[in-house]
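Okay, structure first, notes after.
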Amino acid sequence: MNIILFGPPGAGKGTQAKKLVEFYNIPQISTGDILRANLREGTKLGLAAREYMDKGELVPDEVLIGIIKNRLKEDDCENGFMLDGYPRTVPQADALAGILEEIEKPIDIVLNFEVPDEALVSRIGGRLMCKCGASYHKTFNPPKEEGICDACGAEVYQRADDTEEAVKNRLDVYKNQTQPLIDYYEKMDLLKTLDGTKDIEVVFEDIKAILAEFA
Ligand code: ADP
Ligand code: AMP
């Protein structure tokens with residue numbers, strides 16, 4: 001199963017990805033998580049990406065294409081993968097098509113999470129992240145023990161780019177640069193849109209029902 005989780009920031013892609021990883025035993029490839037890990041480790045890539053990420057802008061395509069090209073060739077992608085946060089531009093989608101053709105792993109489905117802007121803003125405003133990639137919400141999905149990640153026990157934190165200013169910019173960037181990919185994948189007959197406003201467990205059930213035909 002080769003899946004793209006698609007949708008605006010805050011739509012619930014990362015939350016569902018973590019559940020799907022356990023259920024289907026295929027890796028989540030979150031470009032946001034990869035960039036944040038580089039930031040934490042202070043790599044050259046992380047330092048270069050920081051200025052874009054803090055402002056809510058996209059990191060240049062060639063950087064992301066390089067990351068994805070290497071990651072998809074790793075052994076754990078052999079039986080499938082879930083892309084989360086990539087592609088975000090038409091050039092990224094074109095590059096992905098080329099990479100996947102080369103490694104003979106076509107995309108099976110693009111799951112498009114639909115959530116209105118007001119909900120996205122309140123989700124992102126209350127988001128708590130863990131360095132392991134787990135995502136919580138102060139009200140909608142709090143960790144069992146306050147401030148501590150259920151999955152790995154580390155402290156959860158608010159992302160530096162989850163500020164009101166950066167969120168506004170990220171939603172604009174999504175509309176201008178990423179949303180055109182809905183048409184792109186619709187034309188390829190790969191797009192499946194789902195209602196991302198439902199409860200986390202309900203969205204998970206909906207996704208499993210959609211994916212059942214590939215399992
Ligand atoms: P994305 O990866 O698409 O940016 P996340 O999975 O990090 O989004 O979710 C954004 C925020 O919304 C997090 O705080 C998460 O706990 C919360 N969230 C995710 N799915 C839902 C849902 N179905 N209902 C309410 N809140 C949700
Ligand atoms: P995310 O965790 O998906 O919300 O991504 C956080 C930030 O990382 C984005 O606002 C961008 O600055 C950067 N980023 C993540 N994925 C991409 C991508 N595919 N293309 C460009 N920038 C990205």
Cβ pairs under 8 Å, 6+ apart or interchain, first in the stretch 117-138 and farther than 14 Å from ALA160 by Cβ, second more than 13 Å from ligand 2 (Cβ to nearest atom) and small (Gly, Ala, Ser), ordered by first then second residue, are CYS130/ALA151; CYS130/ALA154; CYS132/ALA151; CYS132/ALA154; ALA134/ALA151; HIS137/GLY126; LYS138/GLY126
Does GLU101 count as open to solvent by 40 Å² or more (accessible area, probe 1.4 Å), modelled with pLDDT of 95 or more and assigned to a helix (DSSP H, G or I)?
yes
Do you know which residues across the stretch 163-213 are modelled with pLDDT of 95 or more, acidic (Asp, Glu) and either over 27 Å from VAL21 (Cβ atoms) or within 15 Å of ligand 1 (Cβ to nearest atom) (or both)?
ASP172, ASP183, ASP195, ASP199, GLU201, GLU205, ASP206
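Looking at the stretch 179-215, which of the residues that are of a type outside the set (S, T, N, Q) and within 16 Å of ligand 2 (Cβ to nearest atom) is surrounded by the fewest Cβ atoms within 10 Å (Cβ to Cβ)? Steps first, please.
Within the stretch 179-215, the first condition is being of a type outside the set (S, T, N, Q), and the residues that meet it are 180-192, 194-196, 198-215.
Within this subset, residues satisfying the condition of being within 16 Å of ligand 2 (Cβ to nearest atom) are 180-182, 184-185, 196.
Details: PRO180: 12, LEU181: 20, ILE182: 16, TYR184: 17, TYR185: 19, GLY196: 26.
Taking the candidates together, the pick is PRO180.
Just to be sure before I move on: is PRO106 open to solvent by less than 20 Å² (accessible area, probe 1.4 Å), in a loop (DSSP other than H, G, I, E, B) and at pLDDT 95 or above in the structure I sent?
no
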Say whether the condition of being modelled with pLDDT of 95 or more, acidic (Asp, Glu) and assigned to a helix (DSSP H, G or I) is met by at least one residue in the stretch 33-54.
yes
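Yes/no per residue for (1) within 15 Å of ligand 2 (Cβ to nearest atom); (2) under 27 Å from ALA212 (Cβ atoms):
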| position | (1), (2) |
| --- | --- |
| LEU100 | no, yes |
| VAL110 | yes, yes |
| SER122 | no, no |
| GLY133 | yes, yes |
| LYS144 | no, no |
| CYS149 | no, no |
I'd like the full set of residues that are part of a loop (DSSP other than H, G, I, E, B) and of a type outside the set (D, E, K, R), limited to the stretch 55-79.
GLY56, LEU58, VAL59, PRO60, ASN79
I'd like the full set of residues that are among the hydrophobic types (A, V, I, L, M, F, W, C), open to solvent by 40 Å² or more (accessible area, probe 1.4 Å) and either near ligand 1 (Cβ under 7 Å from one of its atoms) or out of contact with any strand residue (DSSP E or B) (no Cβ under 8 Å at 6 or more places or on another chain) (or both), limited to the stretch 2-26.
PHE23
Pairs under 7 Å by beta carbon, first residue near ligand 2 (Cβ under 6 Å from one of its atoms) in the stretch 46-61, partner polar (S, T, N, Q) and not in a helix (DSSP H, G or I), six or more apart or different chains?
LEU58/THR89
Could you tell me whether LEU171 is open to solvent by less than 80 Å² (accessible area, probe 1.4 Å), touching a helix residue (DSSP H, G or I) at 6+ places or on another chain (Cβ under 8 Å), within 22 Å of PHE113 (Cα to Cα) and in a helix (DSSP H, G or I)?
yes
Does at least one position in the stretch 68-85 carry a residue that is more than 14 Å from the chain's Cα centre (by Cα), within 24 Å of TYR24 (Cβ to Cβ), crowded, with 16+ Cβ neighbours inside 10 Å and within 16 Å of ligand 1 (Cβ to nearest atom)?
no
Go through (1) out of contact with any Leu (no Cβ under 7 Å at 6 or more places or on another chain); (2) part of a helix (DSSP H, G or I); (3) at pLDDT 95 or above and name the single condition ALA93 misses.
(1)
Looking only at the stretch 36-54, and only at residues there that are of a type in the set (Lys, Arg) and exposed (fewer than 15 other Cβ atoms within 10 Å of the Cβ), the one that is nearest to ASP162 (Cα to Cα):
ARG40
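The values are calculated or read from the model by the stated rules, or taken from the named source; none is laboratory data. Note that the structure is predicted; figures quoted are calculated from it, not measured. Neighbour counts run over all protein chains shown; Cβ positions are idealised from the backbone, glycine included. Heavy atoms of the whole protein, side chains included, go into the accessibility calculation; ligands, DNA and RNA do not. Shrake-Rupley method; radii C 1.70, N 1.55, O 1.52, S 1.80 Å.
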